[in-house]
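To start, the structure under review is shown below, and the notes come after it.
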Amino acid sequence: MISDQSNPLRKVGECLYRNRHGVYFAWFSVRGKQVKRSLKTNDKELARRRLGELRKIAARLHGSEDRNLRFEEVARCWLESIQGGVKPSTYKRRVVCINQLMPFFKTIPMRSITAANIEKWKLRRGSSIAARTFNKELETLNHVIRYARDVKGILLDNPAEKVRNRKTAAATIEIPSREQFGRLAAELRKEPQAVRSGAAVFAEFLAYSGVRLGEGREVRWRDVNFDLNTLLVTGGETGTKNHEDRTLPLFPGLRRLLKSIMEERGEITKEDRIFGFKDIRQALGSACRRAGLPRFGHHALRHFFCSNAIEAGVDFKAIAGWLGHKDGGVLAA
């Protein structure tokens, strides 16, 4: 019997132990390193199978050429492994998270990262950042550690898995009324810089189509079909959020807006982007301030489109399709 005052373990087989509650444990040595793990079962046959699997993993782990890799090296490998499979914006966010994790883990050998290291990061970093930022960094840390465990074969366990996300405050959605949006659009069209840059018409396009900011930036004239009265949303090279193209009707306000843009510009080609403006945050903020309105962001224009569709009695499933939602209308409802 192995001495443990709180819950002694009794040997019941080769490298197999059991506590007073009947839970089986594995306890063995690999290349001089002691490995002790709960097998999380009261069934002896299942415990034996799990012990065998654990010993194979441990033998491979301690024979791995990558066993001495540091956090920074593993994080770099992980970033390279995901770069081709995620959107540039997602990859950029992951890089930011890795850079914030570096001061806490950079030079530590991956196999030496413990719950204590993670707790230190949680206490020091977590107290100075918003819950959403903390949760994103924790998610990234989990990805890197799982990569070290499952791909590199450096770890047996993920000590970050037990750290809980912080609760985030429910976001308050500010949706402009039709009267407010009319004032906002008028204010944008009175501002010469907003007109020259295209921010004024781009804001109206987002409100009349309900597309996301990134999707709106990628719309080209080839995507507009006035004969069929449709607009194709592709998201350009990076695609839409759910990686599926979708087709919208040219709603009356949207059709009038696109027609007016075409007439104003005169000569255009099908490959031309309709909007060259990348960010309308500043233009919207300034217009809202001058008009005495709440500060509406570009996503509020998407909500404006959705609320108008609901008020018009459009089926939630149809609205979800227009917005590019995959839930059949649950979120819109």
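The values are calculated or read from the model by the stated rules, or taken from the named source; none is laboratory data. It should be emphasised that the depicted structure is a prediction, and the values quoted were computed from it without experimental measurement. Please note: Cβ atoms are built from the backbone with ideal geometry, for glycine as well, and neighbour counts cover all protein chains shown. To get the accessible areas, we keep the full protein, side chains included, count just its heavy atoms, and leave off ligands, DNA and RNA. Shrake-Rupley method; radii C 1.70, N 1.55, O 1.52, S 1.80 Å.
Straight Cα distances below 27 angstrom link LYS190 to the lysines LYS259, LYS278, with same-chain residues fewer than 8 positions distant left out.
For the chain, the longest principal axis of the C-alpha atoms and the axis of helix 44-62 are separated by about 80°. For the chain, the longest principal axis of the Cα atoms and the long axis of helix 298-311 meet at an angle of about 70 degrees. The alpha-carbon of LYS152 sits under 20 angstrom from the alpha-carbons of these lysines, leaving out residues fewer than 8 places away in its chain: LYS33, LYS56, LYS106. Between the beta carbons of ARG265 and LYS326, assuming R0 = 56 Å, the FRET efficiency works out to 0.95 to the nearest 0.05.
Over all projection directions, the Cα-based convex hull of the stretch 188-241 averages an area of 4.3 nm².
For SER89 and ASN42, what does the FRET efficiency come to when R0 = 41 Å and r is the distance between their Cβ atoms, rounded to the nearest 0.05? It comes to 0.30. Roughly speaking, to the nearest percent, how much of the chain's 1.4 Å accessible area is carbon and sulfur? Whole-percent figure for carbon plus sulfur exposure: 48. Shape summary: the stretch 92-186 maps onto an equivalent ellipsoid whose semi-axes, from the alpha-carbon gyration tensor, are 38, 14, 12 Å in decreasing order. Positive-end ranking of ALA47, ALA185, CYS288 along the dipole of the chain, with charges on Cβ about the Cα centre, is headed by ALA47.
Can you tell me the orientation of helix 178-190 relative to the chain, as the angle in degrees between its alpha-carbon axis and the longest Cα principal axis, to the nearest 10? The answer is roughly 70 degrees.
Radius of gyration over Kirkwood radius for the stretch 241-312, both on Cα atoms: the Rg/Rh ratio is 1.00. Measuring between their Cα centroids, the stretch 18-61 and the stretch 63-110 lie 30 Å from each other.
Listed by chain and number, the lysines whose C-alpha is less than 17 Å from the C-alpha of LYS40, apart from same-chain residues fewer than 8 away, are LYS11, LYS162.
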